[in-house]
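See below for the structure under consideration.
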């Protein structure tokens, strides 16, 4: 008996310690989950950074030469994508952006893909046609005034604005924008922005 | 240059400091010249002589270097890039995405026009898009000169470029370099001269003689769209040729599908062509457009400007291998009824008749042996072709008939067979020859003889280049040794098919009538067919060497026949001389080709409108608005004779060829001629008949099929000359 009770006593302390640690970890995880504000930034949108910035007062043009600004999309979550024909990763991701617009575009959300080629419409239009971007409007900023104003110097860059025109996050580099995680991210912005 | 390229706003902490410094320098340079001077002084202190300071742009660094420390007029500069692993900058034509380095020299002093040269780029794939550019390190050499030779040069450059990896980042880097005037009038070489020269040597020279040349670039339109077919020639075997094509903006040319021919001395590069213009907008026609082709093979590269023509698909290289093998089988089968093989086949059939009452096992063995002989002979031919090709010889199907001694040997063999069939003599030795005709008469069936039958049939088949055979053999010759052997074995099996059929079902042989008097009649008739074959062979020699040598050969063959035919009536004392006379006549016949050489027969009057083949004259004739028709023929080419009789020398085609608008050229390949062989090879043909039509629309020639028809030739003449067809054809 004596040796047995000694064994129990000697185990009590380490077992208690492990249990206490497990409880602490569980509490921390729970606390973090409860406190987590952002969406899951995994997979294709791993590189997405959530950072609120004031809205940009910038304007670009559509295919017919009309001036367009973020104000024209007030009330919608807007995903602005900067692309160029010389940018291979942009060309790669454009079809997925086109599909994203088909999936989510509407009252609450829209994609605005702005081409910054110096050649403007003559360069961009045939390219867009060749990529068969049926759901995306043609937006042009051949002088890249917009990109300069909002701090874009890596192509592609994608910036998301809330319904009031405030930047809520951005990503440099390409992604499959119609992937489940990217769609979930956009839905998260739509649901949160009122 | 877009403003985007000028944006320096930092996005990553790593590059932000350098960017800020650069932004500051740029700002200072614009706003306050005094500050700029100070910054400039600091820059020069840090930089090596004859080079600007390295500018770190985050994904690499760049500077401008000069080959000289001072100037005396000429300037040799270079933009020197050292890139972080994975990052690319672009060639002058970036491919499917990207843009090249451009430099704005505004603000420079005493600097004249500057021209950038482009070292040979590499082909990279980024996100499934094909791009051409450089990685790791490169110098883009620049040729410039001072406006005033007697003064120094102040270089103020804004270097604009794009670098891409997972993302693309445009940059615009300001650089400054001052080069003083050389006091001695001779510039002092800098430590960068060797580096710049290293990259200058990588710039493909234009129209240079580096043993590498683009022979033609034709737009070929097929079911799967258009591609550009580039034929390149190299004086030493190519290993991995490639071509960069630059043309009108509406077209995008990507990585070619390459096939080597002639042991690597010729390459056919099929370059995919995509149209990038807006639908509905007029697309310029590619044929007739000037293309800049950068052809390379390993270290060697040349740049050539070529006008795109219209061409025909290099079908031989695109048909699947199994299809070609099937064609070879069929072609081999057809050979059995060709005039040059028919007598041999008939001899074999005669053998069958003699087997009439024989046992099926013997029939089977005999026919298998003949099949083996055919296949073995084709294997031997393949081996010879592979060996010749390895030796770099121009080879084609039927070229062996260009060798007079071969023709003489064939004539003697055929004549002896004829004598044998006439019953003039019976050969006992050597068995493999005897079996070819004599043995059945004795009731002995030598397997060696049956095998010899097959060999002889194959050798006689070689000049009968049926269209089927030409395609298969042309394909084989364009490929490696394995394909040559495979296709020749298929030809052999095809040709042996009837024999194999009898071997499989010997009853077919025993169903024939019993031997009787009719057999002797058939043998005599077949003997006559062989005599006819001999006469044809002699006539080939008449064209090839001279009529005199042909007469001598014919006379010797008559002696041979006469001696063999009359030996039974010779006095007994003289009979031992018979073999001696036969041998003597045979030996003498091989001397016949040496006689009367050079005395070529004149053209027949009907052919007078044919001019001698002169490919160099063709472009000028086209420029004069003429259409040029080229016919490559040879005396030994039976299909060529058929073409002449049925199409070229009669009816509407002959009328047109005689007319003022068409220049008819004839190349005679009866004797070996490397120029003609090379000409044929440039069309991926290795045998004849060959015909091509040249015109304003087909400056590189439109190859016609081997077997001609009136409408094929007339259509070709129209297509080569009518202007509106180019646009439709593209």
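For residue B:687, state whether it is touching a residue at least 24 places away in the same chain (Cβ under 8 Å) and assigned to a strand (DSSP E or B).
Numbers: touching a residue at least 24 places away in the same chain (Cβ under 8 Å): yes; assigned to a strand (DSSP E or B): no.
So residue B:687 fails the test.
Can you tell me how many residues within segment B:631-672 are part of a loop (DSSP other than H, G, I, E, B) and more than 28 Å from the chain's Cα centre (by Cα)?
Start the filter on segment B:631-672 by keeping residues that are part of a loop (DSSP other than H, G, I, E, B), which leaves B:634-637, B:649-650, B:659-661, B:669-672.
Applying the additional criterion that residues be more than 28 Å from the chain's Cα centre (by Cα) yields B:649-650, B:659-661.
So the count comes out to 5.
Residue A:113 - would you say it is within 30 Å of residue B:92 (Cα to Cα), more than 14 Å from chain B (Cβ to nearest Cβ), at pLDDT 90 or above and in contact with a strand residue (DSSP E or B) (Cβ under 7 Å, 6 or more places away or on another chain)? If you could, list the steps in order and put the result at the bottom.
Numbers: within 30 Å of residue B:92 (Cα to Cα): yes; more than 14 Å from chain B (Cβ to nearest Cβ): yes; at pLDDT 90 or above: yes; in contact with a strand residue (DSSP E or B) (Cβ under 7 Å, 6 or more places away or on another chain): yes.
When the stated conditions are applied, residue A:113 passes them.
Need at least 1 residues that are more than 47 Å from the chain's Cα centre (by Cα), closer than 30 Å to residue B:361 by Cα and without any contact (Cβ under 8 Å) to a residue 60 or more places away in the chain per element, so show me which helices (runs of 4 or more DSSP H) inside segment B:505-586 make the cut, counting only ones lying wholly within it. Walk me through how you get there before you give the answer.
Working: elements: B:507-510, B:517-544, B:547-566.
It comes to B:517-544.
Can you pull out every residue in segment A:144-180 that is assigned to a loop (DSSP other than H, G, I, E, B) and without any contact (Cβ under 8 Å) to a residue 12 or more places away in the chain?
We begin by selecting, within segment A:144-180, every residue assigned to a loop (DSSP other than H, G, I, E, B); these are A:144, A:151-154, A:156, A:162-166, A:173-179.
If the condition is that a residue be assigned to a loop (DSSP other than H, G, I, E, B) and without any contact (Cβ under 8 Å) to a residue 12 or more places away in the chain, then A:151, A:153 are the ones that fit.
If you check residue B:712 against the conditions, is it outside any loop (DSSP other than H, G, I, E, B) and buried (at least 21 other Cβ atoms within 10 Å of the Cβ)?
Numbers: outside any loop (DSSP other than H, G, I, E, B): yes; buried (at least 21 other Cβ atoms within 10 Å of the Cβ): no.
Answer is no for this residue.
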I'd like to check something: does segment A:49-64 contain any residue that is closer than 17 Å to residue A:155 by Cα and touching a residue at least 24 places away in the same chain (Cβ under 8 Å)? yes
Tell me the strands (runs of 3 or more DSSP E) entirely within segment B:99-177 that contain at least 1 residues that are more than 14 Å from chain A (Cβ to nearest Cβ) and surrounded by 18 or more Cβ atoms within 10 Å (Cβ to Cβ). B:102-104, B:129-135, B:137-145, B:153-164
Just wondering, is there one or more residues in segment B:686-698 that are closer than 30 Å to residue B:285 by Cα and surrounded by fewer than 23 Cβ atoms within 10 Å (Cβ to Cβ)? yes
Are any residues in segment B:72-94 within 14 Å of chain A (Cβ to nearest Cβ) and within 14 Å of residue B:124 (Cα to Cα), and if so, which ones? B:86, B:87, B:88, B:89, B:90, B:91, B:93, B:94
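Find the residue count for segment B:615-631, including only residues that are surrounded by 14 or more Cβ atoms within 10 Å (Cβ to Cβ) and at pLDDT below 90.
Pass one, segment B:615-631, residues surrounded by 14 or more Cβ atoms within 10 Å (Cβ to Cβ): B:615, B:617-618, B:621-622, B:626-631.
If we keep only those that are at pLDDT below 90 too, we end up with B:615, B:617-618, B:621-622, B:626-627.
Summing the residues that are surrounded by 14 or more Cβ atoms within 10 Å (Cβ to Cβ) and at pLDDT below 90 in segment B:615-631 gives 7.
Would you check which residues across segment B:85-98 are part of a loop (DSSP other than H, G, I, E, B) and closer than 17 Å to residue A:90 by Cβ and list them? Spell out how you get there, then give the answer.
First, pick out the residues of segment B:85-98 that are part of a loop (DSSP other than H, G, I, E, B): B:85-87, B:96-98.
Across segment B:85-98, the qualifying residues are B:87, B:96, B:97, B:98.
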Output for segment A:39-54, where each listed residue is part of a loop (DSSP other than H, G, I, E, B), at pLDDT 85 or above and buried (at least 16 other Cβ atoms within 10 Å of the Cβ): A:48
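Does residue A:128 satisfy being touching a strand residue (DSSP E or B) at 6+ places or on another chain (Cβ under 6 Å), in a helix (DSSP H, G or I) and either within 14 Å of chain B (Cβ to nearest Cβ) or crowded, with 19+ Cβ neighbours inside 10 Å (or both)? Break it down into steps so the answer makes sense when it comes.
Numbers: touching a strand residue (DSSP E or B) at 6+ places or on another chain (Cβ under 6 Å): no; in a helix (DSSP H, G or I): yes; either within 14 Å of chain B (Cβ to nearest Cβ) or crowded, with 19+ Cβ neighbours inside 10 Å (or both): yes.
Criteria not met by residue A:128.
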Please indicate, with yes or no, whether at least one residue in segment B:421-439 is modelled with pLDDT of 75 or more, part of a helix (DSSP H, G or I) and surrounded by fewer than 22 Cβ atoms within 10 Å (Cβ to Cβ). no
Kindly indicate whether residue A:104 is more than 10 Å from chain B (Cβ to nearest Cβ) and more than 21 Å from residue B:96 (Cα to Cα). yes
Which residue, of B:44, B:48, B:88, is surrounded by 21 or more Cβ atoms within 10 Å (Cβ to Cβ) and either modelled with pLDDT under 85 or more than 18 Å from residue B:196 (Cα to Cα) (or both)? B:88
For segment A:55-71, which positions are within 13 Å of another protein chain (Cβ to nearest Cβ) and in a strand (DSSP E or B)? A:60
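So, of the residues in segment A:72-95 that are away from chain B (no Cβ under 12 Å) and within 19 Å of residue A:181 (Cα to Cα), which turns out to be nearest to the chain's Cα centre (by Cα)? So that I can check it myself, show each step before the final result.
Filtering segment A:72-95 down to residues away from chain B (no Cβ under 12 Å) leaves A:72-81.
This time we only want the ones that are within 19 Å of residue A:181 (Cα to Cα), so: A:77-81.
Values: A:77: 11, A:78: 10, A:79: 8, A:80: 10, A:81: 10 Å.
Ranking the qualifying residues of segment A:72-95, first place goes to A:79.
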Read through the list (1) at positive phi; (2) crowded, with 22+ Cβ neighbours inside 10 Å, then give the number of the only condition that residue A:182 fails. (1)
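The values are calculated or read from the model by the stated rules, or taken from the named source; none is laboratory data. What you see is a predicted model, and the numbers here were worked out from it, not measured in a lab. Neighbour counts run over all protein chains shown; Cβ positions are idealised from the backbone, glycine included.
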